[in-house]
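Have a look at the structure below before the remarks.
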Amino acid sequence: MNTNEILEKIRQTESPLKKQLLMVALISSLLEQRGKNAPIVIGGCALSYYSREVYFTADIDLAYADREVLDTVLKDIGFMKQGRYWVNEELKTAVEVPASVLAGETSPLETVELGEGLQCRIIGIEDLIIDRLNACKHWKSEIDCEMLELLIRKYTKELDWLYLEKKAVMPENNTLSELLELKRKAEL
C-alpha cells in the first residue's frame, strides 16, 4: 500500500486504537524506507492496546531517537508542530515523542501485524507494567493504579515475572514490594 492508500484506510477505520496503530505503521514504513528503525509505541497508546481499549488516550506516544528524520516524516504526512505535539487536524491525530529510547537495550517489544505488510512495535507488557507501577507509587496516579491491576490480572500467567522483579528492584523504580503484592492479589 502506498501512503495515500494507508491514509485513506486510517480515515475509514472506526476504532480509535486501530487508527492510531495504523498511523504508527505508516510512520514506521516511511522511516524504514529511509533506512531508519521503526519507533516504539509507549505510554497511553500502549496501555490502550494491552487493555483492549478499556483505557483510551487521544495521542500517540512514541520512543524514537532520530527526531530530525521523524519530524520530516510527520511533516510529509500532514502533521504540524504545536508545542510538544505533532498534530494532524484532518485525521484528528496527535503524536508526542517523550522518549528517545526505552530503558535497557534488551527491552522486550510486541510487534503488531495490521495486515497488508503494515506493522508497528509496542513496548513490552512488562516494561509498561513497570512504567505504570512507577506512576502509581511515585506520582500517586489513581488511573495508573487501576490500569496496573487490570493488566496484572489479565496477563499474570503470561508475564515474565523474573524480568519484572529485576526491573522493580532497580533504584530508579524501587517497586518490588508493590509488584509482589499485586502478583499475590492476582493469584488469589
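For this structure, a couple of remarks:
- Between 0 and 90°, nearest 10: helix 125-138 axis offset from the chain longest Cα axis: 70
- Computed from backbone phi with θ = phi - 60° and the Karplus coefficients 6.51, -1.76 and 1.60, the 3J(HN,Hα) list for the stretch 176-188 is 4, 4, 5, 4, 5, 5, 5, 5, 4, 4, 5, 7, 5 Hz; x is used for glycine and proline.
- Estimated [θ] at 222 nm from DSSP helical runs (n ≥ 4, -39500 (n - 2.57)) normalised by residues in the chain, nearest 500: -15500 deg cm²/dmol
- Close amide H pairs (under 5 Å, H built 1.01 Å from N) link Ile60 with Ala94, Val95, Glu96, residues at least 5 positions away or on another chain.
- Two-site label geometry, His138 and Ala58: point separation in nm, points 7 Å out along Cα→Cβ: 2.7
- FRET efficiency, Ser15 to Glu90 (Cβ-Cβ, R0 22 Å, nearest 0.05): 0.75
- FRET E, pair Ala65, Glu146, Förster distance 22 Å, beta-carbon r, rounded to 0.05: 0.10
- Taking Cβ separations below 4.7 Å as the criterion for a possible disulfide partner, the isolated cysteines in the chain are Cys45, Cys120.
- Using θ = phi - 60° and Karplus 6.51 cos²θ - 1.76 cosθ + 1.60, couplings along the stretch 55-71 (whole Hz; Gly, Pro as x): 9, 9, 10, 7, 10, 10, 9, 10, 9, 7, 7, 8, 5, 4, 5, 5, 4
- Computed log₁₀ I(q)/I(0) - Debye formula, equal Cα scatterers, no solvent, the chain, q 0.10, 0.14, 0.17, 0.19 Å⁻¹: -0.42, -0.79, -1.09, -1.29
- When both bridge partners sit in the chain, DSSP labels roughly 75% of those beta bridges antiparallel.
- Of Lys18/Lys137; Lys19/Lys166; Lys18/Lys140, those spanning more than 32 Å from alpha-carbon to alpha-carbon: Lys19/Lys166
- Residues Cys145, Cys136, Cys120, sorted so that the one with the fewest Cβ neighbours within 10 Å comes first: Cys145, Cys136, Cys120
- Of the chymotrypsin sites (Phe, Trp or Tyr not before Pro) found in the stretch 135-188, those in coil by DSSP whose Cβ has at most 13 other Cβ atoms within 10 Å are Trp139.
Every number in this text was worked out from the coordinates using simple rules, so none of it is lab data. Predicted, not measured: the structure shown is a model, and the values here were computed from it. As a convention, Cβ positions derive from the backbone with ideal geometry for all residues, glycine included, and neighbour counts pool all protein chains shown.
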